[in-house]
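Below you'll find the structure, written out as structure tokens, and then a few comments.
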Amino acid sequence: MDAGRQKRKVFTDRGGVARFEVDWISKASSDQRSGRAGRIGPGHCYRLYSSAVYQDKFPQFEEPQVLRTPIDALVMQLKSIGIASVPRFPFPSPPSATTLREAMKHLFAIGAIRPELPDSGEERKLVIAKARAGLQAREQSRIAAELAENRKALRIAEGASSSEEEEDDMSEGDDIPG
């Protein structure tokens, strides 16, 4: 017997509260359920919905869970196994950039993770200085991203040669928090 319904956890954007909703299954889930009938021998699947409901109400596939739930726990897990840059991780169904940003922002706010430090010495120094000045992690990340995009323009504006930058990068190890 297949009623064509499922209970699934849904998260609201307001406050991140979870609740359960009963909703129609997808066409793919319906086909999978009918394939389970008669595992040991020949079987039949009795569907308790019409073909019109199947055609009109059932989506072809269900939205991946990573796209419909908060991903704070996923970001924490990726960080704990050593993934340095979560936004660059090759997700099979990548969450939106906004969702990732919000998760990182929330985890920074509660102190669960620290902001990623840029590779460049000048960017690293700036992020550390801003952190010491008390700026929010979001602002630090924005500044670091802008600097990464404009690194060449900054070098030209400062008039630093590449050899001077390499010397600066080598001497900045004392400023990196451990």
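Odds and ends about this structure:
- The set of residues from segment 29-48 being touching a Phe, Trp or Tyr at 6+ places or on another chain (Cβ under 9 Å) and farther than 19 Å from ARG8 by Cα comprises ALA37, ARG47.
- Cβ separations smaller than 8 Å between residues 6+ apart or across chains give no pair from segment 93-112 residues that are in contact (Cβ under 8 Å) with a residue 40 or more places away in the chain to residues that are part of a loop (DSSP other than H, G, I, E, B).
- In segment 1-54, the residues that are touching a residue at least 12 places away in the same chain (Cβ under 8 Å), among the β-branched types (Val, Ile, Thr) and either closer than 16 Å to ARG68 by Cα or exposed (fewer than 10 other Cβ atoms within 10 Å of the Cβ) (or both): VAL10, VAL22, ILE25
Throughout, read-outs are computed from the coordinates displayed, never taken from laboratory work. Owing to the predicted nature of the structure, the values given are computational and were not obtained by experimental measurement. All Cβ positions, glycine included, derive from the backbone under ideal geometry; neighbour counts span all protein chains shown.
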